[in-house]
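Reviewing the structure listed below.
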Amino acid sequence: MRSPKSPVLTIDGLIKDVGPLPTLDGKMLRVVSDVSLVAGRGEVTALLGANGAGKTTTIECAQGLQKRTGGTITLLGADPGTAGAELRARVGVMLQDGGLPPSARPIPLLRHIAGMYRNPRPLDELVQRLGIDSFSRTNVRRLSGGQKQRLALAAALIGNPEVLFLDEPSAGLDPQSRQLVFELISELRDSGMGIILTTHLMDDAQRLADYVYIIDAGRNVAEGTVAQLLQHNMPEAPHKDHVRTLRFEALPGLDFTGVLAAEVEIRETRSGSYAATGALTPEDLAALTAWWAHHGIMPGSLSMEARSLEDVFLDISGREIR
Amino acid sequence: MTTATGSAPAPLLRRILLQGKYEAATMLRNGEQLILAVVLPLLALIGLTVTPLLDGIGGSRVNVAVPGILALCAMSTAFTGQGIATGFDRRYGVLRFLSTTPLGRTGLIAGKILAVLAVLVIQVVIVAAVAFPLGWRPDPLGVLPGLCLLVLGAAAFTALGLLVAGTVRPEATLAITNLLWILLGALGGIVIPMQRLPELAQNTVHLLPSGSLGEGLRDAFLHGAVNGNAVLVLLMWTVLAGAAAIRWFKWN
C-alpha cells in the first residue's frame with residue numbers, strides 16, 4: 001500500500017460477513033475477505049471492480065452504514081463505526097441509488113439537508129453550478145436519472161465536506177451531465193477534498209482517478225496510478241511509455257511475421273480486424289505502413305490508443321463471466 | 001467552488017426539530033395520509049354520533065365516540081402513516097442517506113417521533129373543533145391523563161409501525177398496516193367499546209395496544225379515571241416493539 005502525504009481514509013484488512021443466508025443453509029457469506037486501501041486529501045482514489053466485487057460493502061463500512069466483521073477503518077482520524085455527528089458533518093456521501101425522497105422538491109430538500117450543518121455551502125452556488133435550477137420545481141420521482149444524480153451530488157456537497165464518497169457517480173448521466181460532474185469532481189479535488197470513488201466503469205477511473213485499487217471477489221488484486229496499472233503484466237519493453245494498441249481493418253488472413261519488433265504482439269481479433277499491442281515505436285509504424293504500401297493494402301480503418309484500464313482489469317480478474 | 005474546510009454539525013436539538021418539521025410537513029402534504037389521519041376519523045365520528053351504535057354505554061353518543069376517535073387518530077398517524085412512509089423511505093435509500101448526514105439514525109428516529117406528535121396535536125385540535133359543537137363534554141379531571149395516555153399510545157404504535165416498516169418490504173408494510181388499521185379500528189376495542197364486542201374478543205382485546213388505548217381514553221374522558229391496566233399494557237407494547245425494532249430494523 002502507498003502512503004499519501006495526508007491520508008483521510010485508511011482501511012486495513014477489512015472483513016465483512018453477511019447473513020446467515022437461507023441460500024447457504026443458514027451459513028454466513030463473506031462478501032469482503034481482505035481489503036486494504038489508503039485515500040489522501042486532494043486526490044481522487046478509485047475502487048474499481050466488477051459488480052459484486054465488494055466495493056459498495058467496503059465503502060459502506062467506511063461510511064458507518066454497515067458494521068464490519070474485522071479489520072480497522074480510520075476516517076479523518078476516527079472510527080466511522082462508532083463516530084458521531086462531528087465526523088458525519090465532515091464527510092459527504094452520494095449513494096448509488098441517490099437516497100432522495102421521491103415526493104421532495106430539489107430546493108426545499110437541499111435547504112433541509114443544509115440545516116443539519118453549521119456552515120453549509122451556499123445553496124445558490126451549488127444549484128447553479130449543477131444546473132439544478134432548470135428542474136427546481138419538479139418532484140424527485142419525475143427527474144431523469146442524470147438530474148437525480150446531480151441532485152444527489154449537491155446533497156452530498158451541501159455540508160461542505162472534507163471527504164466525499166461517490167458510488168457509481170456517472171450512472172445514468174447523459175454526456176453533458178457527465179462532463180459537468182467530472183469537471184466539478186476535478187475542481188473539488190484541486191481544492192483539497194479527499195474523494196473516494198467506486199465504479200465498475202474503467203473509463204471513469206481512467207479519467208478521474210489519481211490512484212486506483214482494483215478489487216475482485218472481496219480482496220485487493222492490484223493497485224497503482226492509472227499509468228502504473230497500464231504497464232501491468234506488459235512484456236519487458238525498452239520504451240514503456242510508448243505502450244499502445246494499434247487497431248486496423250484490412251483483408252483477412254494477412255501474415256505480419258517479422259514486420260514489427262519482436263515484443264509487439266499482433267493478432268487478428270476477428271476476420272480482417274487486427275490489433276498490435278506493445279511498445280510501438282515510430283519505426284514500427286513506418287515498417288507497417290511500408291509493408292501495406294508494398295502489398296498495395298489500404299486499411300479500412302486505423303486507430304491507436306494507449307492500453308485501456310479495461311484490458312488490465314480483464315487481465316487481472318479473468319475474462320469469464322461469473 | 002469554495003474551498004472545503006472544516007464543516008461542523010448543527011446542534012443536536014436543531015437537527016431533530018428540523019427533521020420533525022420536515023417529516024410532519026411531508027405527511028400533511030400527502031393526500032392519502034390526510035384521508036387516513038383526518039378524513040376517515042372525522043367520518044367515523046359523525047357516523048357514530050348519528051347512528052345508535054354507541055347508545056347505552058353510559059354517556060352521550062359523542063362523549064363515548066370521541067375518545068375512540070382520538071385513539072384511531074393515534075393509530076392512523078403513528079402506525080399506518082409513519083409505517084408506510086418509513087417503509088418506502090427505506091426502499092428508496094432515504095434512511096441510509098440521512099444516516100450519513102449529521103442527523104444520524106438516532107436523530108432520524110427522534111425526528112419521526114416528533115413528526116407523529118406534531119400531526120397528532122393537529123388531529124386532536126381538529127377532532128375537538130368538530131366534537132365540541134356536536135356536544136362533546138369531556139370530564140375535566142380526565143383531560144390531562146387522557147392526553148398523556150394518547151401520547152403513550154402514539155409511542156406504542158410508532159414503535160410497532162417502525163418494527164413493521166423496518167423488517168418487511170414496503171408493499172407488505174402497506175398491506176399489513178392498512179389491514180390492521182381496519183381490523184383493530186373496528187374490532188380491536190378502539191372505536192367500538194369492548195362490551196359491544198363478542199365475548200371471545202373481550203378477553204384478548206384489553207391486551208392489545210388498540211383495546212387498552214381505546215378503553216383507557218374512554219375511562220379518562222368519560223369518567224375522569226386513570227386505567228392502570230391500560231397504562232401497563234401500552235408501556236409493555238412500547239418497550240417490546242421498541243426493543244424488537246432496535247434489534248431487527250434493517251436500514252437497507
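Couple of notes before you dig in:
- Among residues of the range B:193-247 being within 21 Å of B:Ala165 (Cα to Cα) and hydroxyl-bearing (Ser, Thr, Tyr), the one that is surrounded by the most Cβ atoms within 10 Å (Cβ to Cβ) is B:Ser210.
- Against the numbered list (1) open to solvent by 10 Å² or more (accessible area, probe 1.4 Å); (2) more than 18 Å from B:Leu180 (Cα to Cα); (3) part of a helix (DSSP H, G or I), B:Glu32 comes up short only at (2).
- When B:Ala175, B:Ala201 are checked against the criterion of being modelled with pLDDT under 95 and either assigned to a helix (DSSP H, G or I) or more than 14 Å from chain A (Cβ to nearest Cβ) (or both), a single residue qualifies: B:Ala201.
- Residues of the range A:85-121 that are within 7 Å of chain B (Cβ to nearest Cβ), small (Gly, Ala, Ser), at negative phi and in a loop (DSSP other than H, G, I, E, B): A:Ala89, A:Ser103, A:Gly115.
- All of A:Leu153, A:Leu166, A:Leu180, A:Leu173 fail the test of being in a helix (DSSP H, G or I) and either surrounded by 20 or more Cβ atoms within 10 Å (Cβ to Cβ) or within 11 Å of chain B (Cβ to nearest Cβ) (or both), apart from A:Leu153.
Residue-by-condition table, conditions (1) polar (S, T, N, Q); (2) open to solvent by 30 Å² or more (accessible area, probe 1.4 Å):
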position	(1), (2)
A:Asp12	no, yes
A:Pro22	no, yes
A:Ala46	no, no
A:Thr56	yes, yes
A:Glu60	no, no
A:Leu65	no, no
A:Gln96	yes, yes
A:Pro106	no, no
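- Subset of the range B:195-221 [touching a helix residue (DSSP H, G or I) at 6+ places or on another chain (Cβ under 6 Å) and within 16 Å of B:Leu70 (Cα to Cα)]: B:Pro209, B:Ser210, B:Gly211, B:Ser212, B:Leu213, B:Gly214, B:Glu215, B:Gly216, B:Leu217, B:Arg218, B:Ala220, B:Phe221
- Applying the criterion of at least 3 residues that are buried (at least 20 other Cβ atoms within 10 Å of the Cβ) and within 14 Å of another protein chain (Cβ to nearest Cβ) to the helices (runs of 4 or more DSSP H) found wholly in the range B:46-120 leaves B:82-91, B:94-100.
- Strands (runs of 3 or more DSSP E) contained entirely in the range A:1-83, each with at least 2 residues that are under 20 Å from the mean Cα position of the chain (by Cα): A:7-21, A:27-40, A:44-48
- Here B:Thr26 meets the list (1) surrounded by fewer than 23 Cβ atoms within 10 Å (Cβ to Cβ); (2) more than 9 Å from chain A (Cβ to nearest Cβ) almost entirely, failing just condition (2).
- Output for the range A:17-51, where each listed residue is without any contact (Cβ under 8 Å) to a residue 60 or more places away in the chain and within 14 Å of A:Asn220 (Cβ to Cβ): A:Val38
- The single condition among (1) over 17 Å from the mean Cα position of the chain (by Cα); (2) hydrophobic (A, V, I, L, M, F, W, C); (3) open to solvent by 10 Å² or more (accessible area, probe 1.4 Å) that A:Ala89 does not satisfy is (3).
- Flag for B:Gln19 being within 14 Å of chain A (Cβ to nearest Cβ) and surrounded by fewer than 23 Cβ atoms within 10 Å (Cβ to Cβ): no
- Of all residues in the range A:275-311 being open to solvent by 60 Å² or more (accessible area, probe 1.4 Å) and over 18 Å from A:Leu254 (Cα atoms), the one that is farthest from the chain's Cα centre (by Cα): A:Glu283
- For the range A:122-150, residues that are under 23 Å from the mean Cα position of the chain (by Cα) and either open to solvent by 20 Å² or more (accessible area, probe 1.4 Å) or within 11 Å of chain B (Cβ to nearest Cβ) (or both) total 7.
- Per the listing B:Gly93, B:Gly104, B:Gly56, B:Gly47, the residue uniquely within 23 Å of the chain's Cα centre (by Cα) and of a type in the set (Gly, Ala, Ser) is B:Gly47.
The values are calculated or read from the model by the stated rules, or taken from the named source; none is laboratory data. Computed from a predicted model, the values in this text were never measured in an experiment. Because the Cβ atoms are built from the backbone with ideal geometry, glycine has one as well, and the counts that use them run over all protein chains shown. Note: accessible area is taken over every heavy atom of the protein model, side chains too, but ligands, DNA and RNA are not part of it. Shrake-Rupley method; radii C 1.70, N 1.55, O 1.52, S 1.80 Å.
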